[in-house]
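Notes follow the structure.
The values are calculated or read from the model by the stated rules, or taken from the named source; none is laboratory data. Bear in mind the structure is a predicted one, so any value in this text is a computation, not a measurement. Here the Cβ positions follow ideal geometry from the backbone for every residue, glycine too, while neighbour counts run over all protein chains shown.
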Amino acid sequence: MIPETDRREIERYLGYKGIHAADPQISAMIGLCMEDIRRESSPGAVCQTFPLVWEGEEACRFAGIRTVSRNLMQNLRGCEEVVLMAVTLGPGPDRLIRRAEVQNMLKACVYQAAGAAAVEAWCEDVNEKIRKEAEEKGLYTRPRFSPGYGDFPLEVQRDFERVLQMRKKIGIALTDSLLMTPTKSVTAVIGLSREKRPCHKQGCESCGMAGSCPFSGFRECEARRNPYQSQGQMLLTLTSYDPCGDGG
Amino acid sequence: MKRDLRERLGKEWLFFDGGMGTLLQEKGLQGGELPERWNQTHPDIIRELHVRYLEAGADVFNANTFGLNSLKFPGEVEVLASAAVKIAKEARVQAGRPDAYIAIDIGPTGKLLEPLGDLSFDDAVELFAEVIRAGAAAGGDLVLIETMSDTYEAKAAVLAAKENTDLPVIVTCVFDGKGKMLTGGTVDSAVAMLEGLGVDALGINCSLGPEQMLPLAKRMVWRASVPVVINPNAGLPRNENGQTVYDVGPEEFAAAMGAIADLGVQALGGCCGTTPEHIRRMVETVLDKPFHPNTPKYYTVVSSFSTAVTAGRKPVIVGERINPTGKKRFKQALRDNDIDYILSQGLEQEDAGAEILDVNVGLPEIDEPRLMREVVTKLQGVTGLPLQLDTTNIQALEAGLRYYNGKAMVNSVNGKDEVIDQVMPLVKKYGGVLVGLTLDEDGIPETAEGRVRIAQKIYEAADEYGIPRKDIVIDGLCLTASSDTSAAKTTLETVRRIREEFHGHTILGVSNISFGLPQRQIINSAFLTMALMKGLSFAIMNPNSSQMMAAYRAYLALADLDPRCEGFIAACGDMQITVNSGTKAAPAGETAGGKEGAMSLMTAIEKGLSGPAGQLMREALASRDPLSIVNDELIPALDKVGQGFEKGTVFLPQLLMSAEAAKAAFEVAKEAMADKPREQKGKVIVATVKGDIHDIGKNIVKVMLENYGYDVLDLGKDVPPEVVVERAVSENVPLVGLSALMTTTVVSMEETIRQIRQVRPEIKVVVGGAVMTQEYADRIGADYYAKDAMATVRCADEVFGTGGES
């Protein structure tokens, strides 16, 4: 069962900013859509830990992946292991959205936002378990970092499939363009380090939206979860509200 | 000497082999390395594993082709498949088991099929066909389609097997602990579809251990008529130091499989985590047990990807509204390829209580096979209700059956030899529950006796074609009571006799009876009740009619089919009985404006009240022409909200609520205009570019453009550049809107623009999407950048020079 989602976050995804909140009618719809999403979700998660090997400052390797991504390396600096994780809500939310697109576009958008918030909450839940397990071994977790963030290429999605067997284990398949289906899915790398380092806005600078992203300032690392967010695009950016940057 | 597998399958115990992956990893297969590569690099290891399973007692063993397809091994499928079968043959000799059968092992492609993912059904069939052809040519004895978590993918594989070989086909699916497949399928729905497709055996594998699989195996034996195969894992997977481990040892596995054998399954084996020792112990345990062949079941089942509807005491409602007969608006939608309208008709009926949807998209001037395929595939993307394919066009029927994800109802065959010979082979191939109309070359018999005779003929024809009688449902046909007052009596007598003499199921389109009479719903609902009393199994009717649904629910309550009358109370408790057909009242809670007439159409739209907006439009139409209402009230109201949105005082949800209200009003206007040529501001194409599957932003743009009076041609998502160009040219469209989500897909946006420029430089292109900026838009050569849906409307107004009108 996916954990409770933050209603305020759904409102933000719907474009409400600052002090503005949804009126009672929309608010009621958000409540119903949240319930539907929870009911229709079949959450799955898979993760695995790998040693992290540094090739000086130039590159690092883990799980058979060699990356030269500066943003990722910055995130993983000082780590000795990484966890690869993939989570999904299953095909249910996508079906709810497709269905609503025929009947009521507003509802489709609310499902989209509620689904995005739910997969984020589920992601957070799994991340928390990873954090606790790591701490038992005296390791600290870094903020999760997804393929498609900054200069960490989307092609790594293929490695996630190779290593985690996402299709077989939790039903995530990649499209030709390396997006994930079901769309309410997330992949990420989490670095494990002996040193405790506070989570900071790692991703803001990496996505180039620093200062202009409507999400920054709400919560730690908020922008990191919306790498494709750009200013002033309330309508069309709804397409990007798959947090954690599976790219979709 | 080896006997034909079909002579043994289901007639004696047969054993399948166990897991391969875990054993290969022990032999050094790296995580992520593709096992099928080892057919070339380590044939000795593969062969040795086969030998160990054969020595352990497996009768059917899998050639190492599970993950083999040209997505993973482009250009190498034939070589690797032949190598796999060759290794298996050598193992058979080495183990001294010439009696064993080599399965061409077919696993999932690794991609999800449309609409869930981006693999088309045709491509899936071809991917499977390639491996099956090569495996069969190399000497495989059967096709084992396994680990299927999506019935659509399983269907593609079965068709690939049947269309390319005569080998036996066995399918095993994956279910979770709750008995669901990934895409929502159940044991019942999977059995219905696969038996319809004519598989030789079916079953369950992977995901669960024998203990968790037992209740599902039990259900399967209860529902299936063909032999059942059960291949569980060695328990539930557990993660230990990054390795997946399974805890059920050989002895425990064998004991649990003994319990499954006692359920009456016909074949057993193992999957992940099982070893030759697991299989050996299992064989020893099970061989001592009495074998029972599976028994034929007589359920009449219609299924979708997720739902199985079984005919029984409780009559089934088949929604009749997806049908152009007598509906101007629907005909217009078919001509305009307005699929969303058709889908919305389906969803409305589902919400009203339909359990199956009849799909009739036949109009003389349209390409019915193409439309049938499109509507069927789109419908199964949005609803889990099973479909009834209703057509007299045999190509359209085949298109519907082929692309349908489940076991469809087929409407219809009749007593004419020519029609029987066209329709029945298709039902035999794809499966289906076939409606048999009691008419033949001489027309509709006037007596029940005559109609029963035709039913008899249809049953016998089904026997000849190998279609089980349970899959025939007889339509006793309703003629209009106004022209012959004995019509209803004859029909009801036919229903009774089919029920009593053939133990058959019946179906009726109950609305015909009242044709030509006033207050048709009174007659229809009375006739429905009478027919249900005679044992009618399926009623084709309008579930949106509250009177018909009330009659149906009252019947259920009185026939002891509605425990504690809960269904009736829930549905009819607050019902206001009006005998006024036609107009639909606004849903409760949407009359926020107070008394009728207190609110203007403009206010209703600004406030986003769909019910009142539709009603007010209907009232306004009494005195004014639709177009002037749209231009003078609808668009200005929407514009006001749009301006608020642009200023940041109105938020997206309110904008969309107003858009929905405008749409509801517009829909009423469209109905009024359906028979007249429509004046549109102009035609716009919208598409989400190739590689991109997120199109909600594009869909918002579409709704807004339509509300502003544009004719929008929506090409969908993941649209190749060539398709955009082709349609832009053939439809002579001045403006194309493209959306893309990611930097990686902006590349295909750029390519689309390049191809448009090459062919028609005068076509304007507007782009939008999360990653898009003005700078980006300029760089890829777009004419306009729209930051949101309102901006797209403004852009269209500029291109068409229509901005001033509103």
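Go through region B:768-784 and give me each residue that's more than 10 Å from chain A (Cβ to nearest Cβ) and not in a helix (DSSP H, G or I).
Within region B:768-784, B:780, B:781, B:782, B:783, B:784 qualify.
Anything in region B:724-755 that is in a helix (DSSP H, G or I), touching a Ser or Thr at 6+ places or on another chain (Cβ under 9 Å) and either β-branched (Val, Ile, Thr) or away from chain A (no Cβ under 14 Å) (or both)? List them, or say none.
Within region B:724-755, B:724, B:725, B:744, B:745 qualify.
Just one of (1) within 11 Å of chain B (Cβ to nearest Cβ); (2) out of contact with any Gly (no Cβ under 9 Å at 6 or more places or on another chain); (3) outside any helix (DSSP H, G or I) trips up residue A:28, so point out which.
Condition (3) is where residue A:28 drops out.
Among the residues that make up region A:106-118, is at least one of them more than 14 Å from chain B (Cβ to nearest Cβ) and not acidic (Asp, Glu)?
Yes, there is a match, as at least one residue in region A:106-118 is more than 14 Å from chain B (Cβ to nearest Cβ) and not acidic (Asp, Glu).
Considering only region B:462-487, state which residues are of a type in the set (A, V, I, L, M, F, W, C), in a helix (DSSP H, G or I) and buried (at least 21 other Cβ atoms within 10 Å of the Cβ).
B:462
Are any residues in region B:398-451 in contact with a Lys or Arg (Cβ under 8 Å, 6 or more places away or on another chain), surrounded by fewer than 21 Cβ atoms within 10 Å (Cβ to Cβ) and among the β-branched types (Val, Ile, Thr), and if so, which ones?
B:444
Restricted to region A:1-25, and to residues that are part of a helix (DSSP H, G or I) and at the interface with another protein chain (Cβ under 10 Å from one of its Cβ atoms), which residue is modelled with the highest pLDDT?
A:11
Name the single residue that is nearest to the other protein chains (Cβ to nearest Cβ) among those in region B:620-651 being crowded, with 19+ Cβ neighbours inside 10 Å and in contact (Cβ under 8 Å) with a residue 40 or more places away in the chain.
The selected residue is B:645.
For residue B:57, are the conditions met, namely being at positive phi and within 14 Å of chain A (Cβ to nearest Cβ)?
no
So for region B:794-801 (the condition being over 21 Å from residue B:691 (Cα atoms), aliphatic (A, V, I, L, M) and assigned to a helix (DSSP H, G or I)), does at least one residue qualify?
yes
Quick check on this structure: which one of B:669, B:665, B:687, B:661 is small (Gly, Ala, Ser) and in contact with a strand residue (DSSP E or B) (Cβ under 8 Å, 6 or more places away or on another chain)? Can you show your working first?
Details: B:669 fails: in contact with a strand residue (DSSP E or B) (Cβ under 8 Å, 6 or more places away or on another chain); B:665 fails: in contact with a strand residue (DSSP E or B) (Cβ under 8 Å, 6 or more places away or on another chain); B:661 fails: in contact with a strand residue (DSSP E or B) (Cβ under 8 Å, 6 or more places away or on another chain).
When all the criteria are applied, what remains is B:687.
Just a yes or no: is a residue in region B:617-624 out of contact with any Lys or Arg (no Cβ under 6 Å at 6 or more places or on another chain), among the polar types (S, T, N, Q) and assigned to a helix (DSSP H, G or I)? Break it down into steps so the answer makes sense when it comes.
Filtering region B:617-624 for residues out of contact with any Lys or Arg (no Cβ under 6 Å at 6 or more places or on another chain) gives B:617-624.
Filter once more, keeping what is among the polar types (S, T, N, Q): B:623.
In the following step, the residues that additionally are assigned to a helix (DSSP H, G or I) were identified as none.
Checked against the condition, which is being out of contact with any Lys or Arg (no Cβ under 6 Å at 6 or more places or on another chain), among the polar types (S, T, N, Q) and assigned to a helix (DSSP H, G or I), region B:617-624 yields no hits at all.
In region B:109-134, which residue that is in contact with a helix residue (DSSP H, G or I) (Cβ under 6 Å, 6 or more places away or on another chain) and within 14 Å of chain A (Cβ to nearest Cβ) is surrounded by the fewest Cβ atoms within 10 Å (Cβ to Cβ)?
B:110
What do you reckon, is residue A:148 closer than 30 Å to residue B:379 by Cα, crowded, with 22+ Cβ neighbours inside 10 Å and within 11 Å of chain B (Cβ to nearest Cβ)?
So residue A:148 fails the test.
Looking at A:74, A:103, which one is surrounded by fewer than 22 Cβ atoms within 10 Å (Cβ to Cβ) and within 10 Å of another protein chain (Cβ to nearest Cβ)?
Details: A:74 fails: within 10 Å of another protein chain (Cβ to nearest Cβ).
The unique qualifying residue is A:103.
Mind checking which residues of region B:695-746 are modelled with pLDDT of 85 or more and among the hydroxyl-bearing types (Ser, Thr, Tyr)?
Selection gives B:708, B:710, B:730, B:739.
Of the conditions (1) of a type outside the set (Ser, Thr, Tyr); (2) over 33 Å from the mean Cα position of the chain (by Cα); (3) part of a helix (DSSP H, G or I), residue B:650 fails just one. Which one is it?
The single condition residue B:650 does not satisfy is (3).
For residue A:186, state whether it is closer than 22 Å to residue A:41 by Cα and more than 9 Å from chain B (Cβ to nearest Cβ).
Against the criterion (closer than 22 Å to residue A:41 by Cα and more than 9 Å from chain B (Cβ to nearest Cβ)), residue A:186 qualifies.
If you check every pair at least six apart or on different chains, which have Cβ atoms under 6 Å apart with a residue in region A:115-133 that is closer than 16 Å to residue A:49 by Cα and free of Cβ contacts under 8 Å to residues at least 40 places away in the same chain first and a residue that is aromatic (Phe, Trp, Tyr) and in a helix (DSSP H, G or I) second?
The qualifying pairs do not exist here.
Give me the pairs: first residue in region B:529-557 and more than 19 Å from residue B:492 (Cα to Cα), second residue among the hydroxyl-bearing types (Ser, Thr, Tyr), beta-carbon distance under 6 Å, and six or more apart or on different chains, which are they?
Here the result reads B:547/B:525, each pair linking region B:529-557 to a residue that is among the hydroxyl-bearing types (Ser, Thr, Tyr).
List every residue pair whose Cβ atoms lie under 6 Å apart, where the two residues are 6 or more positions apart in sequence or sit on different chains, the first residue falls within region B:722-750 and is free of Cβ contacts under 8 Å to residues at least 60 places away in the same chain, and the second residue, located anywhere, is assigned to a strand (DSSP E or B) and polar (S, T, N, Q).
Once the first residue is free of Cβ contacts under 8 Å to residues at least 60 places away in the same chain and sits in region B:722-750, its partners that are assigned to a strand (DSSP E or B) and polar (S, T, N, Q) give B:739/B:688.
When region B:720-731 is examined, which residues are found to be in contact with a helix residue (DSSP H, G or I) (Cβ under 8 Å, 6 or more places away or on another chain) and β-branched (Val, Ile, Thr)?
Residues satisfying the conditions are B:724, B:725, B:729.
Given the residues B:147, B:172, B:109, which is the only one that is part of a loop (DSSP other than H, G, I, E, B) and among the β-branched types (Val, Ile, Thr)? Lay out the reasoning, then the answer.
Details: B:147 fails: part of a loop (DSSP other than H, G, I, E, B); B:172 fails: part of a loop (DSSP other than H, G, I, E, B).
So the residue among B:147, B:172, B:109 that is part of a loop (DSSP other than H, G, I, E, B) and among the β-branched types (Val, Ile, Thr) is B:109.
Please name all residue pairs, on different chains or six or more residues apart, with Cβ atoms under 8 Å, provided the first residue is in region A:153-175 and is more than 9 Å from chain B (Cβ to nearest Cβ) and basic (Lys, Arg) and the second residue is surrounded by 21 or more Cβ atoms within 10 Å (Cβ to Cβ) and not in a helix (DSSP H, G or I).
A:158/A:174; A:158/A:178
Name the residue that is surrounded by the fewest Cβ atoms within 10 Å (Cβ to Cβ), counting only residues in region B:1-17 that are basic (Lys, Arg) and part of a helix (DSSP H, G or I). Talk me through it step by step, then tell me what you get.
From region B:1-17, those basic (Lys, Arg) are B:2-3, B:6, B:8, B:11; that's our starting set.
Pick out the ones that are also part of a helix (DSSP H, G or I) and you get B:6, B:8.
Values: B:6: 13, B:8: 19.
Out of the qualifying residues, it is B:6.
So, restricting to helices (runs of 4 or more DSSP H) that lie completely within region B:186-282, which ones have at least 2 residues that are more than 26 Å from residue B:429 (Cα to Cα), under 31 Å from the mean Cα position of the chain (by Cα) and not β-branched (Val, Ile, Thr)?
So the answer is B:210-223.
If you go through region B:85-94 one residue at a time, do you hit one that is touching a Ser or Thr at 6+ places or on another chain (Cβ under 7 Å), within 18 Å of residue B:170 (Cβ to Cβ), in the same structural domain as residue B:231 (by TED's automatic domain parsing) and crowded, with 19+ Cβ neighbours inside 10 Å?
No, region B:85-94 has no match at all.
Which of the following residues is at pLDDT 95 or above, more than 27 Å from the chain's Cα centre (by Cα) and of a type outside the set (A, V, I, L, M): B:295, B:310, B:300?
B:295
Name the one entry in B:719, B:747, B:701, B:729 that is buried (at least 18 other Cβ atoms within 10 Å of the Cβ) and more than 25 Å from the chain's Cα centre (by Cα).
The match here is B:701.
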